[in-house]
Amino acid sequence: MADERLPGREDLPRHIRENLKKLPDKPGVYLHRDKMGTIIYVGKAISLKNRVRQYFQSKKNMDAKVRAMVGHIADFEYIVCGSEMEAFILENNLIKQHQPKYNILLRDDKTYPYVKITTNEEWPRLLKTRLVGKDKAKYFGPYSDVGAVNDVIRLLNDVFVLKRCATPSFKPGAKPCLNYHIGKCEGICLGNVDHDAYMERVEKAAAYFSGKDRSVEHYLKKLMLEASESLDFETAAKYRDRLLAAQALREGQRVTLKQDVDLDAVLTVGPSHMAVFFVRDGKLSGREVFDIQAEDADSAGERTGAFIQQYYGAMTDGPAEILVADMPEDAALIEAFLSETWHRKVHLLKPERGEKRALLALATGNRDAMLRNMEGRDERNRKKEDRLKGRLVALFQDMDTQPDWMRMPEAETLAEDSVPTPPDRLFRVEAYDISNTNGIDTVAAMVVFRGLKPDRRAYRKFKIRTDMPGDDYAAMQEVLYRRFKRALAGDPGFKELPDLLVIDGGKGHLHAARQILAALQLEIPAVGAVKDDHHRTRGLVYVPQRTAGKTASGAEIDGSASVVREAATDPLANTKEIDLRQEPFLFSYIGTMQEEVHRFVIEYHRKIRDTKSLVSVLDEIPGIGPKKRTALLRQFGSVEAVKGASEEELQETPGITKANATAIRNFFTGRAH
């Protein structure tokens, strides 16, 4: 059939040619996979038949990005949708789920914090969260400056004396917590607080995050003046300081629109960032900057569209207007998607005149100044990354095991004092640590650094199964075996191998790790991070290359049998140690990595330990099995909150019957006596 021919691509594998014939002329989403089965691109189409076939025709008219991607496509699949809007929504969800290499991505969008006001609770709280739930609470954000979020939450909790504990309700005779005794809470649990007055304070706190923050300042000023008039100058000074802090946290507002409108302005900032400028009540009230993953070939309009789709698509509400400097090609579809999500009309505008054009020009000027600063910062970061890469390459050269790119056939043809060219990417370094309590509840953690920065998406946690309490060597071997066995099996979450392993420990831990690598026939460089008597990082220990006429430690070989026997019976007899105190840059890098893996493993161990102790209590209640126990903890957040809940409140938990609620109340009442 003439319409099934693919000009210039007669070399296509048979299975792709067959799948192309089956493509329907309907809207949907398509997924390209590489030879490892990894999804490398997700796209949407009004006609799957027309769109997908374009990738497998002549490369002559393709841009550089598409040409590079097509070279890696080993297979594709598609999902038929009922409409273009359904395809748009599914594409957005799949991009977030799979983070494909060739899509424009909002990097680490899950790590950006939101501010949550728990208006779904009787006494709402103000807190930071990284998850937006459909729970009738109010959410503001996301924000890129975590420190500023923490400062604002701390300030507003202090200013409005909001509830800080997670207990949803209080039974008669409840005892106040530490917050009450140090003046951070007015004693809601004691019945000391008027609910209407409390809700008024909550609304004032919410007004700050809506950009209507003048009410916060007016409120603080009122309290300051009242205290001053009462000659309570100490309290007046306290409110004065809070007023100054609130003003400092508020972004300077340098432009005002005639109408009190709420809108955002979205602009690209160089090839790898996006900026959002917020206008609330007609005033420019703030700015956030976000990292994106994009190719140089991606246009500003494509980046803007992908960012809006992912950033605003995660929100439950947003501005009625979004100003853009570069209009996305599918702007109408994005407008329809956001309007449907937020249940009101949303417009994308590229103003050509008037005050909105002036606002966009102001934001553009801010963007250009920001870009100059970021370029300077990026240049400094590049120099640091190059310095790290150079130091690691020097380390690899001296090690008996080297990364695969140093063992390539072309590397063997280089002169003896030459170094193979490192790959044009950041090195992946994995660090491991073990944690337990007197040999019980042993867990392990793996953290990943790409260059100088942690890659938190690649972090992994392990529960140790080895029945050898307190044996850190056995625990480390189990973790490494499981990690690399899954890599060899093609597990997508583990298949990328590191350039370097950093093991928390000295020669013994390093030897244990190397045994596993040898058993799995993997050649991956590994070092041990040695600590001094005060448990501070002292150095890096590793096994160096053996050079002609010398042992691994560099000592001359005298031919005596004792030297040969020592090297044969003790593979770590000739280890080498780098004194990190003499290398501040490397010391800082390794120290940061050790602190991060230690933090991660301790947090996981604490969670396992706490969950185990909490679960043991609920497991004692008749009729409460694992599913109902989990439902209770999700509903109330803690066993203490379950203990304080009434039967009616308990029955609001999914799966909890009236009989279950009675059994829970009887159980905790009996324990109290």
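The values are calculated or read from the model by the stated rules, or taken from the named source; none is laboratory data. Being a predicted model, the structure only gives us computed values, none of them experimental. Cβ coordinates were reconstructed from backbone atoms using ideal geometry, including for glycine residues, and neighbour counts include every protein chain displayed. These area figures cover heavy atoms from the full protein model, side chains too; ligands, DNA and RNA do not enter into them. Shrake-Rupley method; radii C 1.70, N 1.55, O 1.52, S 1.80 Å.
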Accessible area, 1.4 Å probe, largest first: how do HIS605, HIS511, HIS534 sort? HIS534, HIS511, HIS605
Full extension from GLU603 to LEU426: what is 0.36 nm times the residue separation minus their Cα-Cα distance, to one decimal in nm? 61.0 nm
Computed from the beta carbon distance with a Förster radius of 41 Å, FRET efficiency for LYS35 and LYS238 to the nearest 0.05 stands at 0.05
Could you state how much accessible area ASP194 has, in square angstrom rounded to the nearest 10, with a 1.4 Å probe and all protein chains kept in place? 100 Å²
Expressed in square angstrom to the nearest 10, the accessible area of SER646 with a 1.4 Å probe stands at 40 Å²
Under a plain spin-label model, where a point goes 7 Å from the Cα along Cα-to-Cβ, how far apart in nm are ASP63 and LEU488? 4.3 nm
Largest first, what is the accessible-area ranking of TYR473, TYR208 with a 1.4 Å probe? TYR473, TYR208
For a protection proxy built on the mean count of beta-carbon atoms within 10 angstrom, sort 307-317, 515-525 highest first, please. 307-317, 515-525
Compute the length gained on full extension between ASP326 and ARG130: take 0.36 nm times their separation in residues and subtract their Cα-Cα distance, giving the result in nm to one decimal. 67.6 nm
Which of the aspartates and glutamates could a cross-linker bridge to LYS35, judged by Cα under 13 Å and excluding same-chain residues fewer than eight apart? ASP75
Assuming R0 = 30 Å, can you tell me the calculated FRET efficiency for the pair TRP342 and GLU121, based on Cβ-Cβ distance, to the nearest 0.05? 0.80
For ALA297 paired with MET468, estimate the spin-label separation in nm (one decimal), with each label point 7 Å from Cα along the Cα-to-Cβ line. 5.2 nm
Once the whole set of protein chains is in place, how much accessible area is left on THR119, using a 1.4 Å probe, in Å² to the nearest 10? 50 Å²
Quick one: what are the phi-derived ³J(HN,Hα) couplings along the range 536-543, Karplus 6.51/-1.76/1.60 with θ = phi - 60°, whole Hz, x for glycine and proline? 10, 4, 10, x, 10, 10, 8, 9
Rounded to the nearest 0.05, FRET efficiency between ALA74 and GLU523 (Cβ-Cβ, R0 30 Å) equals 0.70
Could you tell me which of the pairs LYS49/LYS101; LYS96/LYS389; LYS44/LYS356 are separated by over 25 angstrom between their Cα atoms in the structure shown? LYS96/LYS389; LYS44/LYS356
How big is Rg to Rh over the range 355-405, alpha-carbon atoms, Rh as the Kirkwood inverse-mean-distance radius? 1.45
Rounded to the nearest 20 debye, dipole of the range 326-391 from Cβ charges on Lys, Arg, Asp, Glu: 560 debye
Any chance you could run the full-extension gain for ILE440 through THR592? It's 0.36 nm times the residue separation minus the Cα-Cα distance, nm to one decimal. 52.0 nm
